[in-house]
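Report on the structure given below.
The values are calculated or read from the model by the stated rules, or taken from the named source; none is laboratory data. Computed from a predicted model, the values in this text were never measured in an experiment. Neighbour counts are summed over all protein chains in view; Cβ atoms, including those assigned to glycine, are modelled from backbone coordinates with ideal geometry.
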Amino acid sequence: MIQLKHLTKIYPSKNGDTVALNDIDLTIPDGSIFGIIGLSGAGKSTLVRCVNLLERPTSGSVVIDGEDVTLAKQKRLNLLRKNIGMIFQNFNLLEQRTVAQNVRFPLDIAPVKRKNSTENTVKFRAPKQEREQRVKELLELVELSDKANAYPSQLSGGQKQRVAIARALASGPKYLLCDEATSALDPTTTQSILALLKSINEKLGVTVIVITHEMKVVESICTDVAVISNSRIAETGSVREVFSKPRSEIAKELIIPDLIRTINSEGGKKLRLIFAGEETDAPVISGLALECNVKANILYADTKNIDGKPFGHMVIAVSEEDGQLEKAKQYLSKHNVQFEEEL
Ligand SMILES: Nc1ncnc2c1ncn2[C@@H]1O[C@H](COP(=O)(O)OP(=O)(O)O)[C@@H](O)[C@H]1O
Ligand SMILES: [Mg+2]
């Protein structure tokens, strides 16, 4: 489990300090695919870079499996980092090395275990044959066995990211940090990389932390999400909770399409009805008409999959005359339909 406690990061500069993270408290449970979303400049990259201490927090702590890693000495830190893989938007491959050499690189530079060492939390350098066997398995995992001897320049973006994923997994990490890992890829390739990350999470039990500004990425694979805005956590919860009923202004802005928020509802009040898998035992629109004599005007409707389950929402306009709005709200509550008025 990764816990960030009162994490603050300030980048000092002559022209004034930048507070990139402001008193962040966040828990990332083991086994989750945890999304961190926010606008550009919100502090997302700084946050993940603090997790593996590529960036030193100004104050607060990063606790990984109970150990405050901000207190770790360099040697210990090098070992701890083997437990955290990372991939980036621009892949960061070694251009002069083949695919297989790129994947093998972290294994080649792993520390040699001293005879009397009692360290047992991380992997030490294995004999060459074992390293090569491991590379073979990793390339199979990312479906690139046939590219072992190719150079990065000969690969597509999606293939490069697969190499980066294999390399990040080489030392058998428990955590994988992905900073905008699909932002440079087309939608189809994005989906294939996301499917790979999901299978790594499921098959290998790796906890995946996904930094993104793309809501679709979170919808398709994440189990949990934190929304970060102006260096602070604005909101956090399961993806289904946050995506069906965002509470903070920034989450609403990111998650509920502009279209919905700006639809003109002349002659009525807008209600957003949410169908997030609960039993709804009534055909809502006809029920409103027949049982309550309320005429609801459908302004928008959409269904999609969130975290593998169907999710839908519908915006209707209801007149406030003759108590229609009140009747509609009572009807919806009675039939367990989630709704909200302020969009
Ligand atoms: N190395 C750095 N030095 C100075 N300021 C930085 C540095 N890295 C990021 N920042 C600033 O910190 C803020 C958060 O940046 P970042 O974490 O990259 O956000 P995001 O990844 O959400 O776009 C921004 O204002 C950015 O300009
Ligand atoms: Mg960033």
Pairs returned, first residue in segment 260-284 that is at pLDDT below 85 and assigned to a loop (DSSP other than H, G, I, E, B), second residue that is among the hydrophobic types (A, V, I, L, M, F, W, C) and crowded, with 17+ Cβ neighbours inside 10 Å, beta-carbon separation under 6 angstrom, 6 or more apart or interchain, are Ile263/Leu299; Ser265/Ala317; Gly268/Ala317; Gly268/Val318; Ala276/Phe311; Thr280/Val337
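Looking for whichever is in the same structural domain as Asp179 (by TED's automatic domain parsing), of a type in the set (A, V, I, L, M), surrounded by 19 or more Cβ atoms within 10 Å (Cβ to Cβ) and more than 12 Å from ligand 1 (Cβ to nearest atom) here; the options are Ile64, Ile36. Which one fits?
Ile64
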Taking segment 165-201 and keeping residues within 16 Å of ligand 1 (Cβ to nearest atom), buried (at least 22 other Cβ atoms within 10 Å of the Cβ) and of a type in the set (Gly, Ala, Ser) leaves Ala181
Of Asp307, Asp258, the only residue that is surrounded by fewer than 14 Cβ atoms within 10 Å (Cβ to Cβ) and of a type in the set (Asp, Glu) is Asp258
Residue count, segment 181-213, condition small (Gly, Ala, Ser) and within 16 Å of ligand 2 (Cβ to nearest atom), comes to 3
Output for Cβ contacts, cut-off 9 Å, separation at least six or different chains, first residue assigned to a loop (DSSP other than H, G, I, E, B) in segment 1-17, second of a type in the set (A, V, I, L, M), reads Met1/Ile28; Met1/Val63; Met1/Ile64; Asp17/Ile10
Given the conditions (1) within 30 Å of Gln159 (Cα to Cα); (2) within 16 Å of ligand 1 (Cβ to nearest atom); (3) assigned to a helix (DSSP H, G or I), every one holds for Glu253 apart from (1)
**Prompt:** Does segment 43-60 include one or more residues that are buried (at least 21 other Cβ atoms within 10 Å of the Cβ), more than 16 Å from ligand 2 (Cβ to nearest atom), modelled with pLDDT of 95 or more and under 22 Å from Asn230 (Cα atoms)?
**Reply:** yes
